[in-house]
Amino acid sequence: MKTYEVIKEEYVPCTGDLLPDRREILELQLENPAMYVQDLYRRERSVEFLATEQNGSPVIEALLEGGRKYRYIFSEV
């Protein structure tokens, strides 16, 4: 297991803003960041996941119904 600093950003489509509406920073011990994000949205009817890298760190976005979007940026501690 690895320890990650996770930045969770929430985007709400109604605001029309390109900046996140909410942001929180977490410290988590995880085996697999992608599985962690998928488990969070297991009960959603419709969700699409996009995985990229930013400066060598995993970035995973969850796109939900209604245009809601959550971005998780993982940095190993």
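The values are calculated or read from the model by the stated rules, or taken from the named source; none is laboratory data. Keep in mind that this is a model prediction, so the values were computed, not measured. Counting neighbours? That spans all protein chains shown, and the Cβs are built from the backbone with ideal geometry, glycine included. The area values use the complete protein model at the heavy-atom level, side chains included, leaving out ligands, DNA and RNA. Shrake-Rupley method; radii C 1.70, N 1.55, O 1.52, S 1.80 Å.
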### Message
Looking at the range 1-45 only, could you name the residues that are over 11 Å from the mean Cα position of the chain (by Cα) and within 12 Å of LYS69 (Cα to Cα)?
### Response
VAL12, PRO13, CYS14, LEU18, LEU19, PRO20, ASP21, ARG22
### Task
Please list, ordered by first then second residue, the pairs with beta carbon atoms under 7 Å, 6 or more apart or interchain, first in the range 24-49 and among the small types (Gly, Ala, Ser), second exposed (fewer than 12 other Cβ atoms within 10 Å of the Cβ) and not in a loop (DSSP other than H, G, I, E, B).
SER46/GLU65
#### Entry: Condition met for PRO13 (touching a Phe, Trp or Tyr at 6+ places or on another chain (Cβ under 6 Å) and modelled with pLDDT under 95)
no
## Note on the structure
Selection from the range 32-69 of residues open to solvent by 80 Å² or more (accessible area, probe 1.4 Å), modelled with pLDDT of 95 or more and among the charged types (D, E, K, R) yields GLU48, GLU53
### Summary
Per the filter on the range 32-76, residues among the hydroxyl-bearing types (Ser, Thr, Tyr) and not in a strand (DSSP E or B) are TYR36, TYR41, SER46
